[in-house]
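**Student:** Can you read through this structure? Questions will come right after.
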Amino acid sequence: MPRPRSVSRSDDAVISNADMARIFNEIGDMLEILGEVVYKAVAYRRVADAVERYPDDVAALFRRGEPPKLPGAGAALTAKLAELSETGSLEYHERLRAQVPDGLLDILRIPGVGPKTVRLVSTELAIHSVEALRAAAEEGRLRHVKGLSQRTEANILDGIARLARQSSRMLIHDADALVAGLVERLRDVRGVHRIEIAGSLRRRRPTIGDLDLLAAVDDPAGVIAALDGLREVDRVVAAGTDKTSILLADGPRVDLMVCPPDAWGTHLVHFTGSKDHNIALRGMALDRGWSLSEKGWKVIDTGELLLDAEEVDVYERLGLPWIPPEIRGGDGEVEAARTGELPTLVAPGDVRGDTHTHSDWTDGVDSIETMARAARDRGLEYIVLTDHSPSLGIARGLTPERVDEQAVEIARLNTELAPFRILHGTELEIRADATLDYPDEMLARFDVVIASIHTGRGQPAEQLTRRALAAIENPHVDVIAHPSGRIVNRRDPLPLDWPRVFEAAAVHGTALEINGSPRLDLDDSLARAAGRAGARLTLASDAHRTEELEQQRYAVDLARRAWLQPDQLLATRSADDLLELVR
Ligand code: DGT
Ligand code: CA
Ligand code: CA
Ligand code: ZN
């Protein structure tokens, strides 16, 4: 949870009332965390409140030599306001900041967590970050501290979840669900020739700030009027003739751009972004004497406007092949297109199997047979069934006896469902001490072993890296599942030494998973780095019920954003090739 460190400045004041109030409030927080007498903190907060409400610019008044009378501000605090007004910073504030780790102030921002709790977890358990606090609460370690309880743990977890919901961008899974019906209905509006999703959702970013739609229409006014009647639309905020925002009754803002059909191509490129991609294209256009905008290409010498109705025409005018939206990140794709080195990105049709699925034998919902039939119906040739190993208690991990029984059931189903195949796998716990949850001779009996870290997440980076490497180096381990442990908007990635992990994965031929559940792990930039380092990756749903098999599609999206090609991935192989590869 980053916080603004510097104060914003305008011309006439060194520091705004809001920033001044924020600094005073922060001083109050830090004094309490440090265990100072309560009235000091109260005094700072009271003045902060007065500054925030003051109708004129407090700093400007101080600088003019007319300091305002603020309730509660005695000589000492007035001197501090004066220092802030003159310089924009406050030495006392900096000194406290040096004594209080940033993470403690983040913890204090969790709804329901007060300074007393912050001080307790910091002094008794050496917890200095929200992430460490979450882990401790989840593992039930707070209740042993005098003054804290099981109830505190529950409240903290609740507060962290609430905080994440307030401040987070929308998960792509949710954005897809929201937008699908809306686009279909807008398509049916009279006068709409075409309508497409643009912006970050079209680029398939894991999280979405707002939704962007582009519609090609003959008559914007008519379409905007028609929109008003749609059930999902709360309000149309029309702005001019070619852009409008619609607010949904429930959900994020939707920007709807409209354009004439013959300028569709430049509009779609523009509103798909990213910004950096657009800047790169515009630079190339300028070199050729054109000014490129969503409206078209203005010939700089003559003022003539050239239109493109299709995206592919836009790129062609610059001598480029069409660039897939997923890699329009402004980090090398235009150059690669120019030199003919664009990757052939993996596509949904390349996927042949799913390397991470669960059943009701551990924490899944559906039976093995139901999962297999659903996967077959989706067009897959095989799934790897990867129920949990014993030490993951919450998931009722399988004992060796249960694994044997499961093998019998899988053999029976494979006869029945052929040519569809269920490969017998396991999701193997990498324990806190870097040992694995089944002995080697048992691992050898599985078709595919995927290993993952679920516990001991608060360990130092070096130990976490050691655990990942121990699994990668074990000849029986074929895949590291959700390697960073992140969950979008909920849990930060583990601080592994990624270059070492990627190199070891490449050397030992252990694949790294791209998990399409709301973990979206590895993320796109790590997956791209892994691919560059020569590591193999795989695409998996981590489905715990049949509906979640579709999550694999998000792994494909992410792999495309990571510039990955089909031959760098496991799930694009046939079952036989996969078995050959992991043997
Ligand atoms: P988001 O909404 O934060 O998930 O990210 P985007 O990429 O959807 O950003 P958004 O909604 O602000 O704008 C959609 C696209 O429109 C963006 O990818 C590129 C284009 N665009 C918007 N504002 C600007 C701008 O100021 N300059 C340029 N060059 N392009 C812009
Ligand atoms: Ca957007
Ligand atoms: Ca937008
Ligand atoms: Zn799993």
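**Student:** Which one of these does Ala471 not meet: (1) aliphatic (A, V, I, L, M); (2) over 26 Å from the mean Cα position of the chain (by Cα); (3) not in a loop (DSSP other than H, G, I, E, B)?
**Tutor:** All conditions are met except number (2).
**Student:** With (1) away from ligand 2 (no atom under 16 Å from the Cβ); (2) at pLDDT 80 or above as the list, and Val233 as the residue in question, which single condition is left unmet?
**Tutor:** All conditions are met except number (2).
**Student:** Moving on. Please specify each residue of the stretch 354-381 satisfying the condition of being closer than 20 Å to Leu443 by Cβ and crowded, with 24+ Cβ neighbours inside 10 Å.
**Tutor:** Thr355, His356, Thr357, His358, Ser359
**Student:** Now a separate question. For the stretch 185-227: of the residues being at negative phi, of a type in the set (D, E, K, R) and at pLDDT 90 or above, which is nearest to ligand 2 (Cβ to nearest atom)?
**Tutor:** If we take residues in the stretch 185-227 being at negative phi, of a type in the set (D, E, K, R) and at pLDDT 90 or above, then Asp212 is nearest to ligand 2 (Cβ to nearest atom).
**Student:** Starting from the stretch 196-208, take each residue that is closer than 13 Å to Pro325 by Cα and list its partners that are away from ligand 4 (no atom under 16 Å from the Cβ) and polar (S, T, N, Q), counting only C-beta distances under 8 angstrom and pairs at least six apart or across chains.
**Tutor:** Ala198/Thr272; Gly199/Thr272; Ser200/Thr207; Ser200/Ser274; Arg202/Thr272; Arg203/Thr272; Arg203/Ser274
**Student:** Mind telling me which of the residues Ala511, Ala571, Ala575, Ala540 ends up being crowded, with 18+ Cβ neighbours inside 10 Å, closer than 16 Å to Gly425 by Cα, under 19 Å from the mean Cα position of the chain (by Cα) and at pLDDT 95 or above?
**Tutor:** Ala540
**Student:** Give the residue, chosen from Leu61, Leu31, that is in contact with a Lys or Arg (Cβ under 6 Å, 6 or more places away or on another chain) and modelled with pLDDT of 90 or more.
**Tutor:** Only one candidate passes the filter, namely Leu31.
**Student:** Please specify each residue of the stretch 545-568 satisfying the condition of being free of Cβ contacts under 8 Å to residues at least 60 places away in the same chain and buried (at least 24 other Cβ atoms within 10 Å of the Cβ).
**Tutor:** Ala555, Ala562 - these are the residues of the stretch 545-568 that are free of Cβ contacts under 8 Å to residues at least 60 places away in the same chain and buried (at least 24 other Cβ atoms within 10 Å of the Cβ).
**Student:** Return the residues of the stretch 390-415 that are open to solvent by less than 90 Å² (accessible area, probe 1.4 Å) and without any contact (Cβ under 8 Å) to a residue 12 or more places away in the chain; say none if nothing qualifies.
**Tutor:** Gly393, Thr399, Asp404, Ala411, Asn414
**Student:** Could you list, in sequence order, the residues of the stretch 424-433 that are surrounded by fewer than 20 Cβ atoms within 10 Å (Cβ to Cβ) and within 15 Å of Pro475 (Cα to Cα)?
**Tutor:** Once the filter is applied, which keeps residues that are surrounded by fewer than 20 Cβ atoms within 10 Å (Cβ to Cβ) and within 15 Å of Pro475 (Cα to Cα), the stretch 424-433 yields nothing.
**Student:** Within the set of pairs 6+ apart or on separate chains, which have a first residue in the stretch 571-583 that is in a helix (DSSP H, G or I), a second that is open to solvent by 20 Å² or more (accessible area, probe 1.4 Å), and C-beta atoms under 7 Å apart?
**Tutor:** Listed by first residue and then by second, the contacts come to Ala575/Glu381; Ala575/Arg421; Leu579/Asp447; Leu581/Arg573.
**Student:** Would you be able to tell me the number of residues in the stretch 198-210 that are within 12 Å of ligand 3 (Cβ to nearest atom) and touching a Ser or Thr at 6+ places or on another chain (Cβ under 9 Å)?
**Tutor:** Residues meeting the conditions: 7.
**Student:** In addition: So in the stretch 264-296, with the set limited to residues that are open to solvent by 10 Å² or more (accessible area, probe 1.4 Å) and among the aromatic types (Phe, Trp, Tyr), which one is farthest from Leu307 (Cα to Cα)?
**Tutor:** Per the stated criteria, the residue is Phe271.
**Student:** Moving on to the next point. Of the conditions (1) in a loop (DSSP other than H, G, I, E, B); (2) modelled with pLDDT of 90 or more; (3) over 30 Å from Glu131 (Cβ atoms), Ser89 clears all except one; give me its number.
**Tutor:** Ser89 satisfies all of (1) in a loop (DSSP other than H, G, I, E, B); (2) modelled with pLDDT of 90 or more; (3) over 30 Å from Glu131 (Cβ atoms) except (3).
**Student:** Okay, moving on. Residue pairs, Cβ under 7 Å, 6 or more apart or interchain, first in the stretch 252-268 and more than 22 Å from Ala175 (Cα to Cα) and within 16 Å of ligand 4 (Cβ to nearest atom), second of a type outside the set (Phe, Trp, Tyr) and outside any loop (DSSP other than H, G, I, E, B). List them.
**Tutor:** none
**Student:** Scan Gly332, Gly319, Gly349 and give me the residue that is over 27 Å from the mean Cα position of the chain (by Cα) and at pLDDT 95 or above. Reasoning before the result, please.
**Tutor:** On the way: Gly332 fails: over 27 Å from the mean Cα position of the chain (by Cα); Gly349 fails: over 27 Å from the mean Cα position of the chain (by Cα).
One residue alone meets the criteria, Gly319.
**Student:** Among the residues of the stretch 270-278, is any assigned to a loop (DSSP other than H, G, I, E, B) and not assigned by TED's automatic domain parsing to the domain that holds Gly379?
**Tutor:** Yes, that holds for at least one residue.
**Student:** Moving on to the next point. Quick one: in the stretch 198-220, which of the residues that are open to solvent by less than 40 Å² (accessible area, probe 1.4 Å) and small (Gly, Ala, Ser) is farthest from ligand 4 (Cβ to nearest atom)?
**Tutor:** Among those residues, the one meeting the criterion is Ala216.
The values are calculated or read from the model by the stated rules, or taken from the named source; none is laboratory data. Predicted model, so just to flag it, every value in this text is computed and none were measured. Using ideal geometry, Cβ is built from the backbone for each residue, glycine included, and neighbour counts are taken over all protein chains shown. For the accessible areas, the whole protein counts, side chains as well, though only heavy atoms, and no ligand, DNA or RNA atoms are used. Shrake-Rupley method; radii C 1.70, N 1.55, O 1.52, S 1.80 Å.
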